Amino acid sequence: MSEERDSVFTIANLITTIRIVLIPVFVFVLLAPWPQWFPYAQGVEPYKEWLAAAVFAVLAMTDGVDGYLARSRNEVTTLGKFLDPLADKILVCAALLAFCELGTLPSWIALIIVAREFIVSGLRMVASSEGIIIAASWFGKAKTFVTIFAILMFIVKDTQTVYALGRTFAHWFQILSWIVMIVAVVFTVLSMIDYFAKAERELHMFRPLAKDGARREEDEIAEVILDMARDQGVKLATAESCTGGSIASVLTDIPGSSDVFLGGVVSYANEVKHGMLDVRKEDIDTFGAVSQQVAEQMACGVSERLGADIAVSVTGIAGPGGGTTEKPVGTVWFGVWDRGDVRAECHRFEGDREQVRAQSTRQALLLVEDALR
């Protein structure tokens, strides 16, 4: 029981929890009628917005701190993955609702930004249930940065300090604050569209379900691969480590796949990588089993063993243990032997062991499809 408690109560989770607890403090500082409630603190009244801005800035800046600590200390927990995005959303929503309460921001702007958070959270939840992680694009990161900057400007734009710098300065500061807020809305909409595009590509959300009601996903990709291989007269093979044969399983789930899929080697142990796939021991010792060199040699080795025209290899760290700072859990190398040419690429997936394996299987299938195209 104590080990379980230690795994949950990490420094990263503590920082995230403190962020959530301090959000009401930010709202209170911004909205509280200081002269009525605190008659002896009237001198603080002109600076309460700046105090609120300072609290908001600190809470926003700690967003990256807890994530960095969790990854660097290898203390990523399910609780942390739940609380971290929740803290961000509550903080932004609290600020926008406070502006609506003060009458400084139209409710439709707050509605767009808040609705986007619900929609994206829903998409991520559906993707996660399917073993897929939809990574944030630069649209989402830009949206976060611009939104935080716009909120800070809105907090202080009507303060006496700004007007003390001159009416002209205050006028242009007001205009700039609105421009930044509108840019934040634009990025909010663009990032939402981007998430929908990724969800369609990964989940086929707008395509019909199979007859039994299940999503086809990898089976659909496998069917395309097998049809293309038949048309081109190409033979396929796989060399798998962390996926444990799931790529071959998806391909052989399709009836008639034996006419193009020759087979696969599950080289989970390094001895099998060396003995069956001719991966050099010195490369395993020097670069590690999860490396470009090993992935490329695995693909070459299985193609030579089975006589395949196109072969894909996978070697990675599915977790929950085995990760390092340089190669954290979720690091997966893929190798592709394509009719005489070999290449490799690295991906870092998020999620638990099963999610990493599922994403690796899907990515390997997509690489075979790309090679056939």
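Structural remarks
- Each helix, a run of at least 4 DSSP H residues, gives -39500 (n - 2.57); summed and divided by the residues of the chain, these come to -21000 deg cm²/dmol at 222 nm.
- Entry for Cα extents along the principal axes in Å (calculated from the structure that is shown) out of (i) 71, 48, 35; (ii) 58, 55, 42; (iii) 84, 46, 40: (iii)
- Stretchable slack from GLU282 to VAL65, in nm (0.36 nm times residue separation minus alpha-carbon distance): 74.3 nm
- The simple Förster model, with R0 at 45 Å and r as the Cβ-Cβ distance, assigns GLU369 and TYR163 a FRET efficiency of 0.15.
- Cross-link table LYS89/LYS143; LYS48/LYS141; LYS81/LYS141, entries beyond 21 Å C-alpha to C-alpha: LYS48/LYS141
- Taking all protein chains into account, the per residue accessible area for the range 274-314 stands at 42 Å² (1.4 Å probe).
- Largest mean-square fluctuation among VAL266, VAL329, VAL224, in a Gaussian network model of the chain whose springs join Cα atoms under 10 Å apart, belongs to VAL224.
- Within the accessible area of the chain, the carbon and sulfur atoms contribute 62%, probe 1.4 Å, all protein chains present.
- Calculated FRET value between LEU86 and ASP253, using beta carbons and R₀ = 35 Å, to 0.05: 0.40
- Probe 1.4 Å, protein heavy atoms only - accessible area per residue of the range 101-192 in square angstrom: 53 Å²
The values are calculated or read from the model by the stated rules, or taken from the named source; none is laboratory data. Nothing here was measured: the structure is a model prediction, and the numbers come from that model. Reconstructed Cβ throughout: ideal geometry from the backbone, glycine too, with neighbour counts over all protein chains shown. Areas reflect the complete protein model, heavy atoms only, side chains present, ligands, DNA and RNA absent. Shrake-Rupley method; radii C 1.70, N 1.55, O 1.52, S 1.80 Å.
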